[in-house]
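In what follows, a structure is listed as structure tokens, so that the remarks can point back to it.
What follows is calculated from the coordinates using simple rules that are stated; it is not laboratory data. No experiment lies behind these values; they were computed from the predicted model shown. Ideal geometry is used to build each Cβ from the backbone, glycine not excepted, and the neighbour counts take in all protein chains shown.
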Amino acid sequence: MPPVVLTGASGFVGRHLISLLLAEGTPVRALSRAPRASEGSGIEWIVGDMKDPSVWERLLVPDCTVVHLAYVPQPSINDAVEVTHTMVTGCAKARIRRLIHCSTISVFGRTAGGSINESTPCNPIDDYGQQKLAIERTFLGAVNGRFELAVLRPAAVFGQGGQALQTLCKSLVYNPGWLNYARSSLFGQRSMHLVPVENVVAALSFLCQAQRTLQGDVFIASEDHDSSNTFRCVEQLLMKALQVPDYPTRPLPLPKSLLPAILRLRGRSEIDPYCTYGSTKLRAWGFVPPLELVPALQAFGTRYRDGLSTRESI
């Protein structure tokens, strides 16, 4: 069986994807910038830098599938494009089967809001979104049918080992109640765009194994269809898991126009706090997420609470 080759394997999503692939019995090769022990891990680590053309000769094997998770901010968009071209050339030379590029919904940037899908025009206004979009477009423009290609745009990924929701949990546990109450009144029904990391890596594995030919297809991985994916609902679920009492009075329903105005003044890319990102296309291809949002949030809150107990007992 040809391996799945990973970049960014040591990151948050990468660690979860490795666990899933090994559980599925898939051989894994992974790029690392520092030496790692491979013996007994089920992973073959290759040391190198993505900027070095020779690294792809050592990393890739014919007919493999590449999952590109790594993102190293470059000094300019041109530098990011150059690194991506180097990767495309190496993949074509090695005669890989397909490449799955893990991008982000940040490439959409400042849209008209509302319901966003894969065909919504992208308009990123920050450096991160602009570089990520440039990388996407380089892949989509440079592959030219030399191997199969798909782009996955995950929403806000959370889970064990990730940073998303850590700040909110810390605030709920340690901040004064009035401050949390004020924030809840402001954010209220704001869309959180959360998606469990387990669903993201399952989507990546699904695209690796898809029987259909991937021809530069773009997909969104999100759980925005779930009505619980709003600030207040997420806050309540976490409060319960953290054993933090809810507010004695419901948060005030502030005018819906207030938060968009604040986001615009702060120069945020996404200024419609109630927009949603749809994952209909991915599901139409047959993908079934392994986790629902609410149980995943409950488990996250419980792990955070248990971690607090462990740290306090040391």
FRET efficiency for Y247 and Q163, Cβ-Cβ distance as r, R0 = 22 Å, nearest 0.05? 0.30
Compute the distribution of all C-alpha to C-alpha distances in segment 8-66, in bins of 5 Å from 0, and list the percent of pairs in each, rounded to whole numbers. 4, 18, 28, 29, 16, 5, 1
Segment 133-256 - Kirkwood radius from inverse mean 1/r over Cα pairs (Å): 17.1
Quick one: give the max-minus-min coordinate of the C-alpha atoms of the chain along each principal axis, largest first, in Å. 63, 48, 39
I want to make sure I understand the PRE zone here: with the label point 7 angstrom from the Cα of D127 toward its beta carbon, which residues in segment 43-78 have backbone N atoms less than 11 Å away? 73-77
Need the full-extension length gain, E292 to R146, defined as separation in residues times 0.36 nm minus the C-alpha distance. One decimal, nm. 48.9 nm
The summed charge of the F158 Cβ neighbourhood (under 13 Å; Lys/Arg +1, Asp/Glu -1) stands at -1
Can you tell me the 0 to 90 degree angle between the C-alpha axis of helix 12-23 and the longest principal axis of the chain, rounded to 10? 60
Show me the ranking of peptides 224-236, 161-173 by mean Cβ neighbours inside 10 Å, starting with the highest. 224-236, 161-173
Tell me, how many Å apart are the Cα centres for segment 49-97 and for segment 111-182? 22
Sorted largest first, the C-alpha extents of segment 43-166 along its principal axes in whole angstrom are 44, 35, 28
Ranked on Cβ counts within 10 Å of their own Cβ, fewest leading, M239, M1, M192 go M1, M239, M192
Rough spin-label spacing in nm, given labels placed 7 Å along Cα→Cβ, for D306 and A182: 3.6
Mean separation of Cα contacts under 8 Å (6+ apart) over length of the chain, as relative contact order %: 18
Summing +1 per Lys or Arg and -1 per Asp or Glu among the other residues with Cβ less than 14 Å from N199's Cβ gives -3
Less than 14 Å Cβ to Cβ from G216, Lys/Arg counted +1 and Asp/Glu -1: what total charge do the surrounding residues give? +2
Given the DSSP H assignment, sum -39500 (n - 2.57) over each helix run of at least 4 residues in the chain and divide by its residue total; what's the result at 222 nm in deg cm²/dmol, nearest 500? -13000 deg cm²/dmol
